[in-house]
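> I'd like to ask you about the structure that follows.
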Amino acid sequence: MIGMTKFIGPEYLVASAFVYLTKERFITFDNIYKYSYEVQKYWSNSEDIDAILTGRVNEDDLENFKDYYTVNDEASIVVLNSDVSIRDLEMRFIFNMPLNISESFRIVAKNFISNL
């Protein structure tokens, strides 16, 4: 049985992209949007995940997370701040999601990378 719908903000999507999708210190909006689409598609086909990605990946929606990310709307990229590690992202974002949701980000990223 599925519980209440979980609303997952763009900060969790971006953190997951840095943790699971890239080894770079930046990621393009294009790759984040494609990743977002694949995650939402995965969730809609899942019987045990009732979640929706909310918000947009832009400077306004990630304003409260500027300690982690710098958003460059003009260049269409998100940059991981130089003092932030992958472990920091895991501790703040990944480990604070329900396990099935954080695991789904990893699964989708693995498939996403293999299809590039």
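The values are calculated or read from the model by the stated rules, or taken from the named source; none is laboratory data. Since we're looking at a predicted model, the values are computed, not measured. Quick reminder, even Gly has a Cβ in these numbers, built from the backbone with ideal geometry, and neighbours come from all protein chains shown. Areas reflect the complete protein model, heavy atoms only, side chains present, ligands, DNA and RNA absent. Shrake-Rupley method; radii C 1.70, N 1.55, O 1.52, S 1.80 Å.
> Can you tell me which residue within the stretch 1-20, out of those that are over 18 Å from Asn72 (Cβ atoms) and in contact (Cβ under 8 Å) with a residue 60 or more places away in the chain, is farthest from the chain's Cα centre (by Cα)?
Checked the stretch 1-20; the qualifying residue farthest from the chain's Cα centre (by Cα) is Lys6.
> I'm checking my understanding of the structure. Among residues of the stretch 71-109 that are polar (S, T, N, Q) and open to solvent by 70 Å² or more (accessible area, probe 1.4 Å), which one is nearest to Gly9 (Cα to Cα)?
Residue satisfying both the conditions and the ranking: Asn96.
> Give me the pairs, please: first residue somewhere in the stretch 46-58 and without any contact (Cβ under 8 Å) to a residue 60 or more places away in the chain and among the charged types (D, E, K, R), second residue anywhere and open to solvent by less than 60 Å² (accessible area, probe 1.4 Å) and not in a loop (DSSP other than H, G, I, E, B), beta-carbon distance under 6 Å, and either six or more positions apart or on two chains.
Correct list of pairs: Asp48/Asn100.
> Of the numbered conditions (1) touching a strand residue (DSSP E or B) at 6+ places or on another chain (Cβ under 9 Å); (2) free of Cβ contacts under 8 Å to residues at least 40 places away in the same chain; (3) over 23 Å from Phe112 (Cα atoms), Asp67 satisfies every one except a single condition; which is it?
Condition not satisfied by Asp67: (1).
> If you don't mind, another one. Can you name the number of the only condition in (1) surrounded by 14 or more Cβ atoms within 10 Å (Cβ to Cβ); (2) under 22 Å from Ile113 (Cβ atoms) that Asp50 fails?
Exception for Asp50: condition (2).
> Within the stretch 70-95, can you find the residues that are touching a residue at least 24 places away in the same chain (Cβ under 8 Å) and within 14 Å of the chain's Cα centre (by Cα)?
Scanning the stretch 70-95 gives Ile77, Val78, Val79, Leu80, Ile86, Leu89, Glu90, Arg92, Phe93, Ile94.
> Condition check: modelled with pLDDT of 95 or more, under 19 Å from Asn72 (Cβ atoms) and open to solvent by less than 40 Å² (accessible area, probe 1.4 Å). Does Val39 satisfy that?
No; evaluated as a whole, the condition is false for this residue.
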